[in-house]
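Enquirer: Questions regarding the structure given below will be posed in turn.
The values are calculated or read from the model by the stated rules, or taken from the named source; none is laboratory data. From a predicted model like this one, the values you see are computed outputs, not experimental measurements. As a convention, Cβ positions derive from the backbone with ideal geometry for all residues, glycine included, and neighbour counts pool all protein chains shown. These area figures cover heavy atoms from the full protein model, side chains too; ligands, DNA and RNA do not enter into them. Shrake-Rupley method; radii C 1.70, N 1.55, O 1.52, S 1.80 Å.
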Amino acid sequence: MASSCTQLYLQCRNLFLSRTVARTCQYSTQVHHCVTHTRVSIKIPLGYSFFKGNHTTTQARQRWKQQMLCYSDLAATHPGTEAKEDKYVEGTLREDVVAYRSPLLPIGDVVPVIESQMSLDLDTAELSALEEISEEEAVSISVPSAMPPASTSLRDYVDHSETLSKLVQLGVSLWKLEQKPNVGSMLLKLNYDTDVAPRLLFLKEIGVEDSCFGHIITHNPFILTQNLDNLQARVNYLKSKKFSSEAVASMVSRAPYLLNFSVKRLDNRLGFYQQQLKLSASNTRNIVARLPRLLCGSLEPVKENLKVCEIELGFKENEIQHMVTVVPKVLTANKRKLIQIFDYLHNVMKVPHNLIVKFPQVLNSRYLRIRERHLFLEYLGKAQYDPILPNYISLDRLVSLPDEVFCTELASATLEDFNLFLKTL
C-alpha cells in the first residue's frame, strides 16, 4: 500500500513539474525582451520542493539552467535577490546558479546606467516642486527664455539680440522695418560691433547728427550692409562737385537712400537735371541740396511734370526754370494735384501766368486751403489779386498765413466768422 502511494505521488509530481517548467520557459521568453527596460526586482521561485534531494533529474537540471540564463541580468543588478535565494538552494543546485554575461548587454554596462538614473532621481528630489523654499531663493531663481524660432514681429527678438536692442535705443522704428520683406532676418544676422557700429561712426564723421541715426536706419536699413569704402567714395564724389560738408550731411539725413547709389548713378542724375532744365552748375547744386531725393527717386515723374508744365499749363522754358529754382518740389509733385491747383488759380481766380511764376509756392499748397480762402474773400468782396489795383492780396500771403492772421489782416474778419462761413460750403 505504501509503495503504491509512493508511485502515485511521484507520477503526480512529474506531471506537475513538466507543466510548470513549460510555463516558466514561456514566461522567461517574454521577460527576456523587456528585462533591460524595467527596474523592479523580480523574485524568481526556485521550486525548492521539486528539485531537492535525489529526485532532481538531469533533464530538469538542464531546463533550469536555460531558465536561469534569461534572468541572469536581473540577478547581476540585484545582488540582494541572490542572497535570499541562498536560503533555498542546497547541494549541487548552488553550483548551477551562475551569473550569465550576455554579449549584447554586459553586466558591467548595466551598473553605470543604473547609477546615472539614481543620480537623476537624486537631482530631481533636490529640485522637487513640492519642497518649500525661502523668499530669497525664490527671487534668485531665473528661468532663461529661449529665442523664438519664428515670429511675425521683431519685438519678440529685442531681448535676445544686442543689435535690435541698440537700434531701439537709437530710435529705430522696428514696426516699420518688419513690414519690409527680408529686413527682419537681415537685422538678426548683423553683429552690432562689426556691422552696425562702424556705419554709425562713419555717419557721425561726415557730420550727421546722432538724433538722425534712427530716422536714417528706419528708412534705409540697408545702409548697415553697405561697404564702408563705397560709402566714403560717394561722399567724396559729392564733395568733388562742390557740395559742402554741411550740405552732404543734410542731404544724407533727409534722403537716407542717397548713399546706397553708386558714383556713376549720382553723376548721371546731376547731369540730367543740369541738361534738362538748362541750369548752371550752381543752380543745379542748389536744387539738389534743397531736395536731395531728386537723386534717389525715379526720373519718369520728373520728365512727366516738365511736359505738363510746358504743354498743358502753358509755361515757357524760362518760367519753368524759375519755378523749379524757387520750389524744387514742383518736379516731384503729383500731376493731378498740379493740374487741379493751376486750373483753379488761372480759370477761377483769374490769376495770370506771370503772377503764378512770381509766387510758384502756390503750386505746392493744399487745394482745399486755396479754395476756402478765396471763397471767403469773394464773399466779403475782397478777392483781388492784381498788383496794379487797390486792396491787392498776394498769392504768397494767401496760402502761407495761419487762419487767424489771414482773417485779421487780409479778410478784416474774425476767425469765428471764417469758421461759420466754412460750414455753409
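Enquirer: Once the other residues with Cβ under 13 Å from the Cβ of residue 201 are scored (Lys, Arg +1; Asp, Glu -1), what is the net sum? Kindly include the intermediate steps, with their values, before the conclusion.
Expert: Values: positive: 199, 204; negative: 193, 195, 205, 210.
The answer is -2.
Enquirer: Same structure again: Taking a probe of 1.4 angstrom, what is the accessible area of residue 168 in Å², to the nearest 10?
Expert: The value for residue 168 is about 70 Å².
Enquirer: Nearest 20 debye, what's the magnitude of the dipole of the range 274-323 about its Cα centre given +1 on Lys and Arg Cβ and -1 on Asp and Glu Cβ?
Expert: On the way: 7 positive and 6 negative charges, 57 e Å.
Charge dipole of the range 274-323: 280 debye, to the nearest 20.
Enquirer: Starting from the 7 Å offset along Cα-to-Cβ, what nm value, one decimal, do you get for the label separation of residue 375 and residue 261?
Expert: Placing both labels 7 Å beyond Cα along the Cβ direction yields 4.1 nm.
Enquirer: Would you mind telling me the share, in percent, of accessible area of the range 212-368 contributed by carbon and sulfur at probe 1.4 angstrom?
Expert: Looking at the range 212-368 in its full context, I get 50 percent from C and S.
Enquirer: Of the cross-linked pairs 307/329; 278/358; 242/329; 166/204; 239/264, which ones have a Cα-Cα span greater than 18 Å in the structure shown?
Expert: On the way: 307/329 15 Å; 278/358 20 Å; 242/329 22 Å; 166/204 16 Å; 239/264 15 Å.
The pairs that break the limit, which is 18 Å between Cα atoms, are 278/358; 242/329.
Enquirer: Sticking with this structure for a sec: With every protein chain left in place, what is the accessible area of residue 412 in Å² (1.4 Å probe, nearest 10)?
Expert: 80
Enquirer: How big is the equivalent ellipsoid of the range 282-425 along its three axes, where each semi-axis is √(5λ) from the Cα gyration tensor, reported in whole Å from largest to smallest?
Expert: Working: eigenvalues 184, 49, 41 Å².
The equivalent ellipsoid of the range 282-425 has semi-axes of 30, 16, 14 Å.
Enquirer: Excluding ligands and nucleic acids, what accessible area in Å² is computed for residue 194 using a 1.4 Å probe, to the nearest 10?
Expert: 90
Enquirer: At residue 321 and residue 233, where each label point lies 7 Å from the Cα along Cα→Cβ, what is the point-to-point distance in nanometres?
Expert: In this crude spin-label approximation the distance works out to 3.5 nm.
Enquirer: Once you list every other residue whose beta carbon is under 14 Å from the beta carbon of residue 340, what net charge do they have if Lys and Arg are +1 and Asp and Glu are -1?
Expert: On the way: positive: 335, 336, 337, 366, 369, 371; negative: 312, 343.
With Lys, Arg at +1 and Asp, Glu at -1, the neighbours total +4.
Enquirer: Next up: Charges only on Cβ, +1 for Lys and Arg, -1 for Asp and Glu: so what's the dipole of the range 285-425 about the Cα centre, in debye to the nearest 20? Before the final figure, lay out the partial values.
Expert: Values: 19 positive and 16 negative charges, 102 e Å.
Dipole magnitude for the range 285-425 comes out near 500 debye.
Enquirer: Taking all protein chains together and a probe of 1.4 Å, list 424, 225, 163 from the most accessible to the least accessible. Before the final figure, lay out each step's value.
Expert: Values: 424 100, 225 70, 163 5 Å².
Largest to smallest exposure gives the sequence 424, 225, 163.
Enquirer: For residue 166, what is the net charge nearby, where nearby means another residue's Cβ is under 14 Å from its Cβ and Lys, Arg count +1, Asp, Glu -1? Walk me through the intermediate numbers first.
Expert: Working: positive: 199; negative: 159, 162, 193, 195, 210.
So the environment of residue 166 carries a net charge of -4.
Enquirer: Roughly how big is the range 304-384's charge dipole about its Cα centre, with Cβ charges of +1 (Lys, Arg) and -1 (Asp, Glu), in debye to the nearest 20? Let's see the in-between values first.
Expert: Values: 13 positive and 8 negative charges, 66 e Å.
I would put it at about 320 debye.
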